[in-house]
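See below for the structure under consideration.
The values are calculated or read from the model by the stated rules, or taken from the named source; none is laboratory data. These figures come from a predicted structure and were not determined experimentally. For neighbour counting, all protein chains shown are included, and Cβ atoms are generated from backbone atoms with ideal geometry for every residue, glycine included.
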Amino acid sequence: MARWPAWLDLAAVVAAALAVGAVFAAAGVPSPVLFGALAAGLLRALAVRGGVTVPARASTAAQAVIGVSAGALIDVATLRAVAANWVPVLLVTVATLALSLGGGLLLRLQPGISPVTGAFAMIAGGASGIVVMARELGADARMVAVLQFLRVLLIVVLMPVIATVAFGASPGQGGPAVVDDEPGWPAGLLLTVGCSVAGLVAGRLVRMPVPALLGPLLAAAVVDVTGLGRGADVPAPVEAAAFLVIGLQVGVSFTLDSLRTVGRALPLALAVITGLIVGCVGLGAALSAATGASALDGYLATTPGGLYAVLATAGDIGADVTFVLAVQVLRLFVMLLTAPLVARWLRRSAGG
């Protein structure tokens, strides 16, 4: 039987990814487009002989868009909230990184998991960015993607329960949503293209690690902090397309052997993730004591992942959204910017 043309094969996988993503979104799964594409790509890789390839230019563009999306999270209000308590916030962020690395070391007890893969699979914060960087920095992107998804999913499921049972939060206590006078999608598209191109060129010129992600991330952060962006964000369809490309790129690279390795690692990974969540609850208590924030705000600010779900929960239960966002965004930046250094250190340690 004649094989489909490559473009038609890729188009069919994209259509399947959109369908699975829609189902995930309806079910409340975090990052539904990213993980829907991952699932569709995985099924394609295992069900049909012959590989399907995501174009390199599409992958680079997707990395840049995700970088701009992350960089646009920071603004002056966020920086002010961090500056008011920068010492305890920074210490808690560094402690979270240490917990993540400790969890990664434990994950190495499972055969087939390298030090870099274990660390990236457990890094708390910026799951989509970490998945993007994994392959570039020598980690197994398939393992990282699955375990990051498992971590975020557990957090999203447990967070409302913990907030209600342990901290006495009551849903619906937040005020009405404040709608900012933000520019429309043309300004967002201009921000995305401009920061992507400028950040990618600058990142390559200075030989930045993972320039397609980190260059646009820093460019968008500068634009937002200086006020040039005027609150513009990456248009939702463009961001969704970027997540779809990254998810497919990881999904289609799966093999039966790699899937078995992931399956064998799940019990240990689940235990390590649970320990990470408990450890971050402790860090939240320490942050609350050091800053005078409520215990609930401390917990939400240090929850290890699920940024948008955390913000939605904080707004619904009347928590200090600005404080929670500031701590979460600072951690996201620290995790993404230090990931190349962590990968280099782990490779040297393993080699030595």
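So L341 clears everything in (1) within 20 Å of A84 (Cα to Cα); (2) among the aliphatic types (A, V, I, L, M); (3) out of contact with any helix residue (DSSP H, G or I) (no Cβ under 6 Å at 6 or more places or on another chain) except one condition, right? Which one?
Here L341 clears every test but (1).
Quick check: is even one residue across the range 177-187 modelled with pLDDT of 85 or more and either assigned to a helix (DSSP H, G or I) or surrounded by 24 or more Cβ atoms within 10 Å (Cβ to Cβ) (or both)? Can you show your working first?
Just the residues of the range 177-187 that are modelled with pLDDT of 85 or more, to begin with: 186-187.
Of the ones still in play, those that are also either assigned to a helix (DSSP H, G or I) or surrounded by 24 or more Cβ atoms within 10 Å (Cβ to Cβ) (or both) are 186-187.
Yes.
What about A95, is it under 15 Å from E239 (Cα atoms), within 22 Å of the chain's Cα centre (by Cα) and touching a residue at least 12 places away in the same chain (Cβ under 8 Å)?
On the way: under 15 Å from E239 (Cα atoms): no; within 22 Å of the chain's Cα centre (by Cα): yes; touching a residue at least 12 places away in the same chain (Cβ under 8 Å): yes.
In short, no.
Can you spot a residue in the range 42-56 that is of a type in the set (A, V, I, L, M, F, W, C), within 18 Å of L336 (Cβ to Cβ) and touching a helix residue (DSSP H, G or I) at 6+ places or on another chain (Cβ under 6 Å)? Break it down into steps so the answer makes sense when it comes.
The initial filter retains those residues of the range 42-56 that are of a type in the set (A, V, I, L, M, F, W, C), namely 42-43, 45-48, 52, 54, 56.
Filter again for within 18 Å of L336 (Cβ to Cβ), leaving none.
No: the range 42-56 contains no residue that is of a type in the set (A, V, I, L, M, F, W, C), within 18 Å of L336 (Cβ to Cβ) and touching a helix residue (DSSP H, G or I) at 6+ places or on another chain (Cβ under 6 Å).
Name the single residue, out of those in the range 203-246 being charged (D, E, K, R) and assigned to a loop (DSSP other than H, G, I, E, B), that is surrounded by the fewest Cβ atoms within 10 Å (Cβ to Cβ). Outline the logic, then answer.
At the first step, the residues of the range 203-246 found to be charged (D, E, K, R) are 204, 207, 224, 230, 233, 239.
Remaining after also requiring assigned to a loop (DSSP other than H, G, I, E, B): 207, 230, 233.
Details: R207: 7, R230: 12, D233: 21.
Looking at the filtered set, the residue picked out is R207.
Taking L200 as meeting all but one of (1) surrounded by 15 or more Cβ atoms within 10 Å (Cβ to Cβ); (2) at pLDDT below 90; (3) more than 22 Å from V33 (Cα to Cα), write down the number of the exception.
(2)
Assuming L106 fulfils every condition listed in (1) in contact (Cβ under 8 Å) with a residue 24 or more places away in the chain; (2) surrounded by 19 or more Cβ atoms within 10 Å (Cβ to Cβ); (3) within 24 Å of D257 (Cβ to Cβ) apart from one, which condition is it?
If we test L106 against (1) in contact (Cβ under 8 Å) with a residue 24 or more places away in the chain; (2) surrounded by 19 or more Cβ atoms within 10 Å (Cβ to Cβ); (3) within 24 Å of D257 (Cβ to Cβ), just (2) comes out false.
Let me spell it out: the conditions are (1) at pLDDT 90 or above; (2) touching a Gly at 6+ places or on another chain (Cβ under 7 Å); (3) of a type outside the set (F, W, Y), and G251 meets all of them except one. Which number is the exception?
Checking G251 against (1) at pLDDT 90 or above; (2) touching a Gly at 6+ places or on another chain (Cβ under 7 Å); (3) of a type outside the set (F, W, Y), the one that fails is (1).
Do we find a residue being out of contact with any strand residue (DSSP E or B) (no Cβ under 6 Å at 6 or more places or on another chain), modelled with pLDDT under 90, within 23 Å of V29 (Cα to Cα) and of a type in the set (S, T, Y) anywhere in the range 280-301?
No: the range 280-301 contains no residue that is out of contact with any strand residue (DSSP E or B) (no Cβ under 6 Å at 6 or more places or on another chain), modelled with pLDDT under 90, within 23 Å of V29 (Cα to Cα) and of a type in the set (S, T, Y).
Of A212, A220, which residue is at pLDDT 90 or above and under 25 Å from V146 (Cβ atoms)?
Working: A220 fails: under 25 Å from V146 (Cβ atoms).
Only one candidate qualifies: A212.
Looking at T255, is it among the polar types (S, T, N, Q), touching a Cys at 6+ places or on another chain (Cβ under 6 Å) and in contact (Cβ under 8 Å) with a residue 40 or more places away in the chain?
Against the criterion (among the polar types (S, T, N, Q), touching a Cys at 6+ places or on another chain (Cβ under 6 Å) and in contact (Cβ under 8 Å) with a residue 40 or more places away in the chain), T255 does not qualify.
When you check A139 against the structure, is it at pLDDT 85 or above and surrounded by fewer than 23 Cβ atoms within 10 Å (Cβ to Cβ), yes or no? It would help to see each step written out before you state the result.
Numbers: at pLDDT 85 or above: yes; surrounded by fewer than 23 Cβ atoms within 10 Å (Cβ to Cβ): no.
Spelling it out, it is not the case that A139 is at pLDDT 85 or above and surrounded by fewer than 23 Cβ atoms within 10 Å (Cβ to Cβ).
Among the residues in the range 23-41, are any over 19 Å from V144 (Cα atoms), β-branched (V, I, T), buried (at least 19 other Cβ atoms within 10 Å of the Cβ) and under 22 Å from the mean Cα position of the chain (by Cα)?
Scanning the range 23-41, I find no residue that is over 19 Å from V144 (Cα atoms), β-branched (V, I, T), buried (at least 19 other Cβ atoms within 10 Å of the Cβ) and under 22 Å from the mean Cα position of the chain (by Cα), so the answer is no.
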